[in-house]
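To start, the structure itself, in structure tokens.
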Amino acid sequence: MKYLIGKKQNIELFVEKNYEAMSQKAAALLVDSLANKLQEKQFVTFMPSAGGTPERLYQILGEKYKTFVDWSRVIVLQMDEYVDLPAFDKNSYTWFLHKKLVKPLSIQKAFFIGEYAQGRVQQYDEIIRNLGGIDIILHGIGENGHLGFNEPESDYDSTTRIVALAPETIHANARFFSNMETVPTRGITLGLRTIMQAGENILIASGVKKLPALTRALFASVSVNLPASILQNHPHVKVIADEDAVDIKLLKAK
Ligand code: PGA
């Protein structure tokens, strides 16, 4: 089911039955956006998120859409990465994106933000500028409403930088690590300003754990306290969520 929400009806919200249906819908919408962009320009810049939510979506890209998009013309830009974790660590987002997306789809050009953490942070934004900006970002949403590693209270004007991870983020990420001591506490992330400059922002969410953050992101006032709410001010947003992540009653009352 599709709903148009936001002050300027600028957010297309798709509510799907479950995680599988959400992943299928998001994959279909994403490849449409990529293919449309590739009709206008030679290369499309795509910023995928890492994390549990997009896993199935990336699998579907390989299963159904390997030839639908000319992936050799897709340039991948990583959104965020842990600092203090080697790129080849199996819990790094670099490893994840390489294994789930870049390799299976034979993507030829990818920029990994983690490589810029040591004294070259601003170069990452320069690369984005030189590529003409980001066409499409695929976001997950944190339980605390973060986008990338833009945690609550992040500056709207922020650009790429190193941040301290919020306790909720460290706690949520702990499921991937063998013990609490090894969970990274710092990250490098694209900033909110750069997110707002992207051509299109697509956000996916699944499960009841995401319901409070997604509800506030879509329906509460825009606030630095919940970074994802800033997307209400972006002109071109698609949100694909499963029923567990959406407050259907509130949505219907709007
Ligand atoms: P998840 O992470 O997909 O693993 O839930 C999303 C996020 O924290 O942005």
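A short reminder: the numbers here are calculations on the coordinates, not readings from a lab. Fair warning: this is a prediction, and the values are worked out from it, not measured in the lab. Here the Cβ positions follow ideal geometry from the backbone for every residue, glycine too, while neighbour counts run over all protein chains shown.
Remarks
- Residue that is nearest to the ligand (Cβ to nearest atom) [pool: residues in the stretch 138-164 that are of a type in the set (Val, Ile, Thr) and closer than 12 Å to GLY191 by Cβ]: VAL163
- Restricting ASP125, ASP89 to those that are out of contact with any Asp or Glu (no Cβ under 6 Å at 6 or more places or on another chain) and either assigned to a loop (DSSP other than H, G, I, E, B) or closer than 30 Å to LYS66 by Cβ (or both) reduces the list to ASP89.
- Some residue of the stretch 76-84 being within 12 Å of the ligand (Cβ to nearest atom) and either under 23 Å from ALA26 (Cα atoms) or among the small types (Gly, Ala, Ser) (or both): yes
- Yes/no for THR185 being within 28 Å of GLN122 (Cβ to Cβ) and more than 16 Å from the ligand (Cβ to nearest atom): no
- Qualifying position, being crowded, with 22+ Cβ neighbours inside 10 Å, over 17 Å from LEU105 (Cα atoms) and under 18 Å from the mean Cα position of the chain (by Cα), among MET47, MET22: MET22
- Per the conditions (1) within 12 Å of the ligand (Cβ to nearest atom); (2) surrounded by 16 or more Cβ atoms within 10 Å (Cβ to Cβ); (3) hydrophobic (A, V, I, L, M, F, W, C), the sole criterion not satisfied by ALA174 is (2).
- For the stretch 198-213, the set of residues classified as more than 15 Å from ASN10 (Cα to Cα) and more than 11 Å from the ligand (Cβ to nearest atom) consists of VAL208, LEU211, PRO212, listed by residue number.
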